[in-house]
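Enquirer: The following block contains the structure, expressed as C-alpha coordinates.
The values are calculated or read from the model by the stated rules, or taken from the named source; none is laboratory data. Given the structure is predicted, the values throughout are model-derived calculations rather than measurements. Heads up, the Cβs are rebuilt from the backbone with ideal geometry, glycines too, and the neighbour counts pull from every protein chain shown. With ligands, DNA and RNA removed, areas are computed over all heavy atoms of the protein, side chains included. Shrake-Rupley method; radii C 1.70, N 1.55, O 1.52, S 1.80 Å.
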Amino acid sequence: MHVLSVLRDRAPVGGKQQYAFDLAALLRAGGARVTWLTMGGASGEDAIALPRLAVDSPYPWARLGAACRRLYNRSAYRAVQALARRARPDLAHLHDHVHFSTALLDALAELGIPAVYTLHDFQLLCPVSVFFRQREGVHCEACRGGRYHHAVRYRCSHGRLANSAISALDNWLFDRRGAAGKVARFVAPSRFVRQKFIEFGWQGERIVVIPHPAP
(Lines give C-alpha, C1' and ligand atoms only; values in the text may rest on other atoms or scores of the structure.)
Protein backbone atom coordinates (compact mmCIF):
# COMPACT_ATOMS: atom_id res chain seq x y z
CA MET A 1 0.00 0.00 0.00
CA HIS A 2 1.16 3.51 -0.82
CA VAL A 3 -0.07 6.23 1.58
CA LEU A 4 0.17 9.97 0.93
CA SER A 5 0.53 11.64 4.33
CA VAL A 6 -0.44 15.33 4.24
CA LEU A 7 1.06 17.45 7.01
CA ARG A 8 1.70 21.14 6.45
CA ASP A 9 4.47 21.61 9.03
CA ARG A 10 6.83 18.77 9.91
CA ALA A 11 8.64 21.10 12.31
CA PRO A 12 8.49 22.20 15.05
CA VAL A 13 7.36 18.85 16.41
CA GLY A 14 4.16 18.96 18.45
CA GLY A 15 1.48 16.40 19.19
CA LYS A 16 0.12 16.34 15.64
CA GLN A 17 3.56 15.87 14.13
CA GLN A 18 4.59 13.17 16.58
CA TYR A 19 1.41 11.23 15.89
CA ALA A 20 1.95 11.52 12.13
CA PHE A 21 5.57 10.38 12.42
CA ASP A 22 4.67 7.44 14.70
CA LEU A 23 1.90 6.35 12.37
CA ALA A 24 4.21 6.56 9.35
CA ALA A 25 6.73 4.37 11.18
CA LEU A 26 4.03 1.80 11.96
CA LEU A 27 2.86 1.79 8.35
CA ARG A 28 6.38 1.30 7.05
CA ALA A 29 6.98 -1.49 9.55
CA GLY A 30 3.91 -3.16 8.09
CA GLY A 31 5.32 -2.93 4.57
CA ALA A 32 3.53 0.21 3.36
CA ARG A 33 5.17 3.04 1.45
CA VAL A 34 4.63 6.55 2.87
CA THR A 35 5.10 9.74 0.86
CA TRP A 36 4.82 13.11 2.60
CA LEU A 37 3.17 16.23 1.21
CA THR A 38 4.35 19.17 3.29
CA MET A 39 5.33 22.83 3.12
CA GLY A 40 8.86 24.06 3.60
CA GLY A 41 11.98 21.92 3.79
CA ALA A 42 13.35 19.89 0.94
CA SER A 43 11.68 17.50 -1.47
CA GLY A 44 13.11 14.02 -1.73
CA GLU A 45 12.33 10.46 -2.65
CA ASP A 46 9.72 10.18 0.11
CA ALA A 47 8.57 13.81 0.34
CA ILE A 48 7.07 16.58 -1.76
CA ALA A 49 7.65 19.97 -0.16
CA LEU A 50 5.71 22.94 -1.49
CA PRO A 51 6.87 26.49 -0.75
CA ARG A 52 5.50 27.96 2.44
CA LEU A 53 2.91 30.67 1.96
CA ALA A 54 4.24 34.11 2.91
CA VAL A 55 1.36 34.86 5.28
CA ASP A 56 3.69 36.64 7.72
CA SER A 57 5.70 38.60 5.15
CA PRO A 58 6.38 42.27 5.98
CA TYR A 59 5.39 43.09 2.40
CA PRO A 60 1.66 43.65 1.79
CA TRP A 61 1.71 42.34 -1.79
CA ALA A 62 3.39 39.12 -0.65
CA ARG A 63 0.72 38.65 2.02
CA LEU A 64 -2.00 39.29 -0.53
CA GLY A 65 -0.56 36.68 -2.89
CA ALA A 66 -0.31 34.21 -0.01
CA ALA A 67 -3.94 34.88 0.91
CA CYS A 68 -5.06 34.11 -2.64
CA ARG A 69 -3.09 30.86 -2.75
CA ARG A 70 -4.42 29.93 0.66
CA LEU A 71 -7.98 30.10 -0.67
CA TYR A 72 -7.14 27.87 -3.65
CA ASN A 73 -3.62 26.52 -3.87
CA ARG A 74 -3.07 25.31 -7.42
CA SER A 75 0.43 24.15 -6.49
CA ALA A 76 -1.10 21.56 -4.16
CA TYR A 77 -3.45 20.44 -6.93
CA ARG A 78 -0.59 20.05 -9.40
CA ALA A 79 1.62 18.27 -6.84
CA VAL A 80 -0.98 15.55 -6.28
CA GLN A 81 -1.53 15.18 -10.01
CA ALA A 82 2.23 14.86 -10.61
CA LEU A 83 2.63 12.31 -7.81
CA ALA A 84 -0.19 10.22 -9.25
CA ARG A 85 1.58 10.11 -12.60
CA ARG A 86 4.77 8.80 -10.96
CA ALA A 87 3.44 6.47 -8.28
CA ARG A 88 -0.27 6.65 -7.60
CA PRO A 89 -1.08 6.54 -3.85
CA ASP A 90 -3.72 4.07 -2.70
CA LEU A 91 -4.85 6.37 0.10
CA ALA A 92 -4.35 9.94 1.30
CA HIS A 93 -4.24 10.66 5.02
CA LEU A 94 -4.77 14.34 5.82
CA HIS A 95 -3.57 15.75 9.11
CA ASP A 96 -4.60 19.24 7.98
CA HIS A 97 -5.54 21.01 4.77
CA VAL A 98 -5.24 24.73 5.53
CA HIS A 99 -2.77 26.43 3.12
CA PHE A 100 -3.09 23.40 0.81
CA SER A 101 -6.74 24.51 0.46
CA THR A 102 -9.65 22.51 -0.94
CA ALA A 103 -7.61 22.16 -4.15
CA LEU A 104 -5.96 19.19 -2.47
CA LEU A 105 -9.26 17.36 -2.02
CA ASP A 106 -10.34 18.32 -5.55
CA ALA A 107 -7.25 16.62 -6.97
CA LEU A 108 -7.70 13.49 -4.86
CA ALA A 109 -11.37 13.20 -5.79
CA GLU A 110 -10.67 13.60 -9.52
CA LEU A 111 -8.06 10.86 -9.34
CA GLY A 112 -10.31 8.57 -7.31
CA ILE A 113 -7.86 8.42 -4.41
CA PRO A 114 -9.79 7.94 -1.14
CA ALA A 115 -8.97 10.37 1.66
CA VAL A 116 -9.18 10.06 5.43
CA TYR A 117 -8.84 13.16 7.61
CA THR A 118 -7.72 13.04 11.24
CA LEU A 119 -9.43 15.72 13.33
CA HIS A 120 -6.49 16.77 15.48
CA ASP A 121 -8.35 19.92 16.56
CA PHE A 122 -11.56 21.83 15.80
CA GLN A 123 -10.25 23.70 12.74
CA LEU A 124 -13.20 22.63 10.59
CA LEU A 125 -15.66 24.05 13.13
CA CYS A 126 -13.82 27.09 14.44
CA PRO A 127 -11.62 29.26 12.16
CA VAL A 128 -8.93 29.40 14.86
CA SER A 129 -9.52 25.76 15.93
CA VAL A 130 -9.73 26.28 19.71
CA PHE A 131 -13.21 27.66 20.58
CA PHE A 132 -11.52 30.50 22.45
CA ARG A 133 -11.49 34.28 21.98
CA GLN A 134 -7.99 35.20 23.07
CA ARG A 135 -8.57 38.97 23.20
CA GLU A 136 -11.38 38.52 25.74
CA GLY A 137 -10.23 35.30 27.32
CA VAL A 138 -13.58 33.53 26.90
CA HIS A 139 -14.84 30.23 25.52
CA CYS A 140 -16.67 30.76 22.23
CA GLU A 141 -18.75 28.69 19.82
CA ALA A 142 -20.28 31.66 17.99
CA CYS A 143 -19.36 30.20 14.57
CA ARG A 144 -21.68 27.22 15.08
CA GLY A 145 -23.90 26.73 12.05
CA GLY A 146 -21.42 28.23 9.61
CA ARG A 147 -21.59 31.74 11.08
CA TYR A 148 -17.90 32.28 10.50
CA HIS A 149 -18.31 36.05 10.28
CA HIS A 150 -18.09 36.05 14.07
CA ALA A 151 -14.39 35.22 13.74
CA VAL A 152 -14.02 38.51 11.87
CA ARG A 153 -16.24 40.37 14.31
CA TYR A 154 -14.10 39.29 17.28
CA ARG A 155 -10.80 39.38 15.35
CA CYS A 156 -10.04 35.87 16.55
CA SER A 157 -6.86 35.31 14.51
CA HIS A 158 -3.98 37.15 16.19
CA GLY A 159 -6.30 40.07 16.91
CA ARG A 160 -6.08 41.15 13.27
CA LEU A 161 -8.98 41.88 10.97
CA ALA A 162 -7.32 40.61 7.76
CA ASN A 163 -6.03 37.39 9.35
CA SER A 164 -9.43 36.71 10.87
CA ALA A 165 -11.20 37.33 7.57
CA ILE A 166 -8.98 34.87 5.71
CA SER A 167 -9.41 32.24 8.44
CA ALA A 168 -13.19 32.67 8.31
CA LEU A 169 -13.14 32.46 4.52
CA ASP A 170 -11.12 29.23 4.71
CA ASN A 171 -13.90 27.59 6.68
CA TRP A 172 -16.69 29.08 4.59
CA LEU A 173 -15.13 27.81 1.38
CA PHE A 174 -14.57 24.34 2.86
CA ASP A 175 -18.30 24.18 3.55
CA ARG A 176 -19.41 25.94 0.39
CA ARG A 177 -17.37 23.69 -1.91
CA GLY A 178 -18.61 20.53 -0.22
CA ALA A 179 -15.06 19.51 0.68
CA ALA A 180 -16.19 17.26 3.54
CA GLY A 181 -18.04 15.13 1.01
CA LYS A 182 -14.72 14.35 -0.68
CA VAL A 183 -13.38 12.69 2.48
CA ALA A 184 -14.17 8.98 2.88
CA ARG A 185 -13.84 8.97 6.67
CA PHE A 186 -12.94 11.40 9.41
CA VAL A 187 -10.93 10.09 12.36
CA ALA A 188 -11.47 11.53 15.83
CA PRO A 189 -8.89 10.82 18.55
CA SER A 190 -11.59 10.74 21.25
CA ARG A 191 -15.33 10.35 21.75
CA PHE A 192 -15.45 13.97 22.93
CA VAL A 193 -14.09 15.25 19.61
CA ARG A 194 -16.55 13.10 17.66
CA GLN A 195 -19.45 14.30 19.79
CA LYS A 196 -18.51 17.94 19.34
CA PHE A 197 -18.59 17.56 15.55
CA ILE A 198 -21.98 15.85 15.80
CA GLU A 199 -23.25 18.76 17.91
CA PHE A 200 -22.23 21.05 15.05
CA GLY A 201 -24.33 19.05 12.60
CA TRP A 202 -21.84 16.54 11.19
CA GLN A 203 -22.96 12.99 10.42
CA GLY A 204 -21.73 10.70 13.17
CA GLU A 205 -21.48 7.66 10.89
CA ARG A 206 -18.73 9.41 8.91
CA ILE A 207 -16.54 9.91 12.00
CA VAL A 208 -14.73 6.97 13.59
CA VAL A 209 -12.92 7.15 16.91
CA ILE A 210 -9.33 5.87 16.91
CA PRO A 211 -7.41 6.97 20.02
CA HIS A 212 -3.79 7.94 19.54
CA PRO A 213 -1.51 5.04 20.46
CA ALA A 214 0.54 5.34 23.64
CA PRO A 215 4.24 4.36 23.60
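Enquirer: Given springs between every Cα pair under 10 Å in a Gaussian network model of the chain, which of Trp61, Trp172, Trp202 has the largest fluctuation?
Expert: Top of the fluctuation ranking is Trp61.
Enquirer: Right, here's the next one. With an 8 Å cut-off on Cα pairs and a minimum separation of 6 or more residues, tell me the relative contact order of the chain in percent. Numbers along the way, then the final one.
Expert: On the way: 345 pairs, mean separation 35.4, N = 215.
Reported as a whole number, the value is 16 percent.
Enquirer: Suppose all protein chains stay in the model; what accessible area per residue would a 1.4 Å probe give for the chain, in Å²?
Expert: On the way: 11160 Å² over 215 residues.
Ligands and nucleic acids excluded, the result is 52 Å² per residue.
Enquirer: Next question, about the same structure. Tally Lys/Arg at +1 and Asp/Glu at -1 over every other residue whose Cβ is under 12 Å from the Cβ of Ile210; what's the total? Please list the in-between numbers first.
Expert: Values: positive: Arg185, Arg191, Arg194; negative: none.
Local charge sum for Ile210: +3.
Enquirer: When Rg and Dmax of the Cα atoms in Å is calculated directly from the model, which label among (1) 17.5, 63; (2) 18.9, 55; (3) 17.1, 50 fits?
Expert: Label (3) holds the value from this structure.
Enquirer: Arranged from highest to lowest average of other beta-carbon atoms within 10 Å per residue, in what order do the peptides 110-117, 132-139 appear? The partial results should precede the final answer.
Expert: On the way: 110-117: 16.4, 132-139: 11.6.
Ranking, from highest mean packing down: 110-117, 132-139.
Enquirer: What are the residues whose amide H is under 5 Å from the amide H of Val209, where those residues sit 5 or more places off or on another chain and H is modelled from the backbone?
Expert: Correct list: Ala188.
Enquirer: Right, next: Give the residue from Phe192, Tyr154, Ala82 lying farthest towards the positive end of the charge dipole for the chain; charges sit on Cβ (+1 for Lys and Arg, -1 for Asp and Glu) and the dipole is referred to the Cα centre.
Expert: Tyr154
Enquirer: For the chain, with all protein chains present and a 1.4 Å probe, just round the carbon and sulfur fraction of the accessible area to a whole percent.
Expert: Percent of accessible area from carbon and sulfur atoms in the chain: 55.
Enquirer: Using a 1.4 Å probe, how large is the accessible area of Met1, given in Å² and rounded to the nearest 10?
Expert: Using a 1.4 Å probe on the heavy atoms, I get roughly 140 Å².
Enquirer: Right, another one. Please sort 66-75, 8-17 by packing, taking for each peptide the average over its residues of neighbouring beta carbons within 10 angstrom, highest first. Don't jump to the answer; show the numbers that get you there.
Expert: On the way: 66-75: 16.7, 8-17: 13.5.
My ranking of the peptides, most packed first, is 66-75, 8-17.
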